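Laboratory data are not the source of any read-out in this text; all were calculated from the coordinates shown. Quick caveat: nothing in here was measured; it's all calculated off a predicted structure. Neighbour counts are summed over all protein chains in view; Cβ atoms, including those assigned to glycine, are modelled from backbone coordinates with ideal geometry.
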Amino acid sequence: MSNWSKRKRLEATISGETPDRVPVALWRHWPGDDQDAQALAAAHLKWQQDYDWDLLKVGPASSYSVVDWGVQDEWVGHIEGTREYTHRPIQQPEDWANLQPLDPGQGMLATQLEALRLVKEEVGDSVPVLATIFAPLSQAKHLADNEPMLSHLRRRPKLFRLGQETIVKSTLNFIEAAKEIGIDGIFYAIQHARYPLLSREEYEQWGRPYDHQILNAVQDLWLNMVHLHSTDVMFDLVAEYPTQLLNWHDRETGITLSEGLKQFKGAASGGIDHWALHRESPKYSQVEIHDALQQTNGRRLLLGTGCVAMTTTPLRNIRALREAVDR
């Protein structure tokens, strides 16, 4: 047994040294449990107990940051654990100007902070804990749906900017409250740095400045991860961001781990397609694990999936992934 702590292993990985073994982590949604602090914490602690991941990314519902503004949603059985939105409070451009920053001590934000506190209290410094933060454009999409949001961004930019500024303020308040709990970093999910949703110029105007504002606020934390969602992504823009780990759909975007690491200074998170992990046998993901280790020489890699594991992924596949790094 290695006497390396998870922190030592991850720090070696981020700085490009050779760790005692490649770190590994999976995360997923917890539908239903994510509506209740005790249930969400219990789900994560059991997940950690079962698999001994090198970091624990606490996975709330995608709507957690916007429910207190009036979003309504429900889980109807999607295997990714994502929820259907049944009501969105932003119906017209003027609604953006009416948003007020949320109090992280109230409502769903307080529920999520309590879940983080319960997890951190249990694992202490033995397991790094990451709080999930959605980029302001993602939160705006949850408030208005994608098409209306993009229309407001293009046609009524002044009103839309007021909304974005409120969302950023709210997010920074939540992060400060999470820091007081002792989180080790944030998992920052970016969903709009991709074509054809936005042009490069639009993302530079509407995404990047706010991304930097949020990432600058967590530079005192040692373990931040940016998740670049989907395919056709603006990889080179995000590869410059000040973060220790970059997670992207490396099996689907055509940007391999080795190519991505030429552009990004920290460590890559990924190597396995979450759909390959979801097939009925571990043999599909084992091929990708072997390839990921070869591409990176076992350095600068946090082994895992390019996006969330499904709620219905076979447990033997998850066990096989976890055991692969110990061999």
Original post:
Using 1/(1 + (r/R0)^6) with R0 = 51 angstrom and r between the beta carbons of N3 and R155, what's the FRET efficiency to the nearest 0.05?
Top reply: 0.30
**OP:** Please determine, in degrees from 0 to 90 and to the nearest 10, the orientation of helix 283-296 with respect to the longest principal axis defined by the Cα atoms of the chain, where the helix direction is its Cα long axis.
**Re:** 90 degrees
Original post:
Taking a spot 7 Å from the Cα of R200 along the direction of its beta carbon, which residues of segment 226-262 have an amide N less than 17 Å from it?
Top reply: 232-241, 255
Subject >> Charge tally in the Cβ shell below 14 Å around P242, where Lys, Arg are +1 and Asp, Glu are -1, P242 excluded >> reply: -1
Original post:
When a footprinting reagent is the concern and you count Cβ atoms within 10 Å, what order do M225, M310 take, fewest first?
Top reply: M310, M225
**OP:** Take the alpha-carbon centre of segment 1-63, take the same for segment 137-183, and report the distance between them in whole Å.
**Re:** 27 Å
Original post:
Running Debye on segment 4-118 with equal point scatterers at the Cα sites and no solvent, what base-10 log of I(q)/I(0) appears at q = 0.12, 0.15, 0.17, 0.18 Å⁻¹?
Top reply: -0.58, -0.79, -0.91, -0.96
Original post:
If the cut-off is 27 Å between C-alpha atoms, which lysines fall inside it for K169, apart from same-chain ones fewer than 8 positions away?
Top reply: K57, K120, K141, K158, K179
Original post:
Angle, helix 157-181 long axis vs. longest principal axis of the chain, Cα atoms, 0 to 90°, nearest 10?
Top reply: 50 degrees
**OP:** Report ³J(HN,Hα) in whole Hz for each residue of segment 105-115, in order, from the Karplus equation J = 6.51 cos²θ - 1.76 cosθ + 1.60 where θ = phi - 60°; Gly and Pro get x.
**Re:** x, 10, x, 5, 4, 5, 4, 5, 5, 5, 4
Original post:
Which angle between 0 and 90 degrees, to the nearest 10, do you get for helix 315-324 versus the longest principal axis of the chain when only C-alpha atoms count?
Top reply: 60 degrees
Subject >> Proxy reagent accessibility, fewest Cβ within 10 Å first, across Y64, Y51, Y195, Y241 >> reply: Y195, Y51, Y241, Y64
Original post:
Kirkwood hydrodynamic radius (Cα pairs, Å) of the chain?
Top reply: 20.0 Å
Original post:
Which percent of Cα-Cα pairs in segment 150-264 sits in each 5 Å bin, short to long?
Top reply: 2, 11, 20, 22, 19, 14, 9, 3, 0
